[in-house]
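Report on the structure given below.
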Amino acid sequence: MNNTLRIAAVLAIIAAPAAAIPRCAAHADMRAALSDGYGEVLQSLALDGSGRVVETYANLETGSWTVALTPPGQMTCVVASGVGYQPVEQPAKGEPT
């Protein structure tokens with residue numbers, strides 16, 4: 001099997017649970033679905049200019065990741081997902097980059 005076919009097979013296996021993850025759900029249900037379906041846990045949390053909560057979930061072993069968005073008082077929705085997640089350590093303030 002050539003490398004292209006191997007990569008395609010791995011991506012198909014990784015992507016297979018996607019059907020089990022709802023597009024939008026109550027926050028607790030979404031968090032459970034990402035944990036149960038992909039082994040993803042919360043990596044970062046932020047607020048956007050509209051007051052929506054933006055969360056990044058990832059599985060540090062497999063590299064799968066999901067970005068979820070929650071408007072105030074509404075359901076949590078997946079806005080992006082993929083593979084290849086890599087945490088990035090920032091240098092301490094004042095250290096050269």
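The values are calculated or read from the model by the stated rules, or taken from the named source; none is laboratory data. On a predicted model such as this, the values are computed, not experimentally measured, just so you know. No Cβ is skipped: glycine too gets one built from the backbone with ideal geometry, and neighbour counts run over all protein chains shown.
Taking THR62, is it over 11 Å from GLN43 (Cβ atoms) and of a type in the set (Ser, Thr, Tyr)? For THR62, the condition - over 11 Å from GLN43 (Cβ atoms) and of a type in the set (Ser, Thr, Tyr) - is met.
Please find, within segment 39-97, the residue that is farthest from HIS27 (Cα to Cα) out of those that are of a type in the set (A, V, I, L, M) and more than 12 Å from the chain's Cα centre (by Cα).
Quick first cut of segment 39-97, residues of a type in the set (A, V, I, L, M) only: 41-42, 45-47, 53-54, 58, 60, 67-69, 75, 78-80, 83, 88, 92.
Among the residues that remain, those that are also more than 12 Å from the chain's Cα centre (by Cα) are: 46-47, 53, 75, 88, 92.
Values: ALA46: 15, LEU47: 15, VAL53: 11, MET75: 6, VAL88: 26, ALA92: 33 Å.
Step by step, filter segment 39-97, then rank; the result is ALA92.
Only a single item in (1) at pLDDT below 95; (2) under 27 Å from GLU89 (Cβ atoms); (3) of a type in the set (A, V, I, L, M) is not met by LEU69, and it is number (1).
Taking (1) at pLDDT below 95; (2) part of a strand (DSSP E or B) in turn, SER44 satisfies each apart from (1).
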